[in-house]
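Q: Here it is: the structure, laid out below.
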Amino acid sequence: MIAPKHILGTFDESLSALRNNVLMMAGLTERSLERAMKGLFDRNDELCATTIADDEEIDQLEKQIDKDGVDILLRFQPVASDLRRVVSAMKLSSNLERIADQATTIARRARKLNRHPPLSEMELIKPMYDHAMAMFKDGVDSFVREDVKLGCEVVGRDEKLDDMNQNASDTLVERMAKDPEQLRGYLNLIFVGRCLERVGDHSTNIAEDAVYAANAEDIRHQSQSLAATTS
Amino acid sequence: MEDLVMETPEQTVLERLEKGAAPPPEAELPPARTFEVKNMSIWYGEKRAIDNVSMDVASKAVTAIIGPSGCGKSTFLRALNRMHELTPRTRMEGTVLLHGKDLYSSTIDPAIVRRRVGMVFQKSNPFPTMTVGENVVIGLRLNGVRNQKLLNERLEKSLRMAALWDEVKDDLDKPGTSLSGGQQQRLCIARALAVEPEVILMDEPCSALDPIATAKIEELIYELKSKYTIVTVTHNMQQAGRISDYTAFFYLGRLIEFGPTTKIFTNPSEKQTEDYITGRFG
């Protein structure tokens, strides 16, 4: 349902600008994560460099969203759904920025990995990436569409990503012992896995904020019960 | 009559409301509710100003009434101390219980109701011919209190409670109208407090005040709610959010939504409430 417009047209314009910046930031963050992972899988240093360079733009957008949010709080003193949307947008931008930072870290690790022969263990990372990226996209979608059900589902998926990361990490540690010459490579893959696990955590935060924006329900720190209800 | 003003609100309200009747045991009093309004409808002539409103007013808490102009919020407020009856051709249906006693019972004296349920208006209205001190104690004098020591004690106590004593203690003999707008409004609050009411009704008490005077009144409301039940009408959403524990939203004479202020201002249940408080109304 589309909410009727505010009597103050400038209020609608400000809210719209804030939302557009969040969506743009989400789009840029998704692109960075994709490029970082493609740079890793395709051994493409150029994509990695682009990812690192793009981080500055995302950082600036985070500052812009914070500024716009504070400006709206100051000028219009929003309440109810307006207040929840502004607060959630500001929290979302912080999580998006951290996901972009994880993409930058992955890109840096990928450049190091690209200097050495390819590792077959890269296959352990692929399903983690797919899972983390799906969580991220759905988390943002739940915010955009104010979809409470989808938001709760995203939160419930984080545990699986944690397990995947733990399993991959255990396997890579075993390989280190067997093949010490590739120790640096395995270590970099462990760090990449940890970055993806963090992407899942931030996506969870985004989904939680999306649920709060939609219906004022605070679902944080309930992941186990949510996982049980959504599985 | 002096004993009238020496009693505390908790001890005296029922005795005063019901002439000659012994107060019921304290155990019978609903502790958390000062007012219980049931199916209240009010007409001014043919025009229905309040339409079948039922709500409880919590004791020793601030209840804010919000809504667009003409929604009936001031009428509702005035009905809580029968002030609306002063308007010609007024008719009311339903019941208003003050601690379980029907305010509109034929055995109840409206003048006593208004003493127990004090009122502060939008525009400060100190009596222009009286000094600051006389303004505060006029209610006591009209009730027959002549003991000067008692009057002086009550004068200082009321002005202190209204956070005005330090500002006017050397100017008690000056005209009440010589004070600033914010001071005049606090003087009116002190005047209401002097007769030791148990409820204070406020009809847009800060609408004519600057931000500093408004802040002082809001701070005062916060201080007073530990001792008094306060019901306030306001057009200022932020003020309602700041000072009240409960909020009632009225529209076209109907109570649309009533609940804890935090809930109303973060996640109202009714779309009309959401549209009004977010500025989408009209």
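Q: Which listed residue (A:151, A:10, A:107) has the Cα farthest towards the positive end of the charge dipole for the stretch A:9-230, taking +1 on Lys and Arg C-beta and -1 on Asp and Glu C-beta about the Cα centre?
A: A:107
Q: If you don't mind, there's one more thing I want to ask. Dividing the Cα convex hull volume of the protein assembly as shown by residue count, how many Å³ per residue is that? Present the calculation step by step, with values, prior to reporting the outcome.
A: On the way: hull volume 101.3 nm³, N = 513.
Considering the Cα atoms of the protein assembly as shown, their hull volume per residue is 197 Å³.
Q: Next question. Just grab the label-to-label distance for residue A:218 and residue B:86, each label 7 Å out from Cα along the Cβ direction, in nm (one decimal).
A: Spacing of the two 7 Å Cα→Cβ label points: 4.5 nm.
Q: Looking at the protein assembly as shown, send over the antiparallel percent of its DSSP beta bridges, to the nearest 5. The partial results should precede the final answer.
A: Numbers: 25 of 42 bridges.
Taking every DSSP beta bridge within the protein assembly as shown, about 60 percent pair in antiparallel fashion.
Q: Enter the mean number of other protein chain beta carbons within 10 Å of the beta carbon of each residue in A:79-89, as an integer.
A: Values: counts 12, 13, 7, 5, 6, 2, 0, 0, 1, 0, 0.
Other-chain Cβ atoms within 10 Å of each residue's Cβ, averaged: 4.
Q: What FRET efficiency comes out for the pair residue A:160/residue A:122, r = Cβ-Cβ distance, R0 = 22 Å, nearest 0.05? List each step's numbers first, then the result.
A: Working: r = 20 Å, r/R0 = 0.91.
For R0 = 22 Å, the calculated efficiency reads 0.65.
Q: Considering only A:122, A:32, A:210, whose Cα is most displaced toward the positive end of the charge dipole of the protein assembly as shown, charges sitting on Cβ of Lys, Arg (+1) and Asp, Glu (-1)?
A: Checked the options; the winner is A:210.
Q: Evaluate the distance, in nm, between pseudo-label points positioned 7 Å from the Cα of residue B:269 and of residue B:105 along their respective Cα→Cβ axes.
A: Between residue B:269 and residue B:105, the simple spin-label model gives 3.1 nm.
Q: Please express the Cα-Cα pair-distance distribution P(r) of the stretch B:38-141 as a list of whole percents, one per 5 Å bin, running from 0 to the bin with the greatest distance.
A: 2, 10, 19, 22, 20, 13, 9, 5, 1
Q: Sequence-distant or interchain residues sharing an amide H contact under 5 Å with residue B:33, placed H: which?
A: The list, which skips near neighbours in sequence, is B:59.
Q: Taking amide H atoms as placed 1.01 Å from N in the peptide plane, list the residues 5 or more away in sequence, or in a different chain, whose amide H sits under 5 Å from that of residue B:257.
A: For residue B:257, the qualifying residues are B:249.
Q: By the scheme Lys and Arg +1, Asp and Glu -1, what is the net charge of all other residues having a beta-carbon under 9 Å from that of residue B:132? Write down the numbers at each step before the final one.
A: On the way: positive: B:174; negative: B:134, B:171, B:173.
Here the count lands on -2.
Q: If you don't mind, there's one more thing I want to ask. Given points 7 Å out from each Cα along the Cα-Cβ axis, report the residue B:95 to residue B:210 separation in nanometres with one decimal.
A: That separation, rounded to one decimal, is 5.0 nm.
Q: I would also like to ask the following. With the radius of gyration and the Kirkwood radius both derived from the Cα set of the stretch A:9-230, what is their ratio Rg to Rh?
A: On the way: Rg = 18.7 Å, Rh = 18.1 Å.
Ratio of gyration radius to Kirkwood radius: 1.03.
Q: Take the Cβ-Cβ distance between residue A:46 and residue A:179 as r, set R0 to 30 Å, and report the resulting FRET efficiency rounded to the nearest 0.05.
A: Working: r = 29 Å, r/R0 = 0.97.
So the FRET efficiency works out to roughly 0.55.
Q: Also: Mind telling me which of A:59, A:12, A:45 comes out most flexible in a GNM of chain A, alpha-carbon contacts under 10 Å?
A: A:12
Q: Could you work out, residue by residue across B:99-110, how many beta carbons of other chains sit within 10 Å of that residue's beta carbon, and then give the average as an integer? Show your work: numbers first, answer last.
A: Details: counts 0, 0, 0, 0, 0, 0, 0, 0, 0, 0, 0, 0.
Averaged over the peptide's residues, the number is 0.
Q: If you don't mind, another one. Taking each residue of A:5-15 in turn, how many C-beta atoms of other protein chains fall within 10 Å of its C-beta, and what is the average?
A: Details: counts 2, 5, 6, 2, 0, 0, 3, 2, 0, 0, 0.
The shielding value for this peptide is 2.
Q: Could I ask something else about it? Farthest toward the dipole's positive end in the protein assembly as shown, which of B:71, B:172, A:185, given Cβ charges of +1 (Lys, Arg) and -1 (Asp, Glu) about the Cα centre?
A: B:172
Q: How would you order B:266-277, B:188-199, A:164-175, A:80-91 from highest to lowest mean count of nearby Cβ atoms within 10 Å?
A: B:188-199, A:80-91, B:266-277, A:164-175
Q: Mind giving me the FRET efficiency for residue B:58 and residue B:281? R0 is 30 Å, r the Cβ-Cβ distance, nearest 0.05 is fine. Walk me through the numbers on the way to the answer.
A: Details: r = 27 Å, r/R0 = 0.89.
Efficiency computed from Cβ-Cβ geometry: 0.65.
Laboratory data are not the source of any read-out in this text; all were calculated from the coordinates shown. Remember, it's a predicted structure, so these values are computed and weren't measured experimentally. Because the Cβ atoms are built from the backbone with ideal geometry, glycine has one as well, and the counts that use them run over all protein chains shown.
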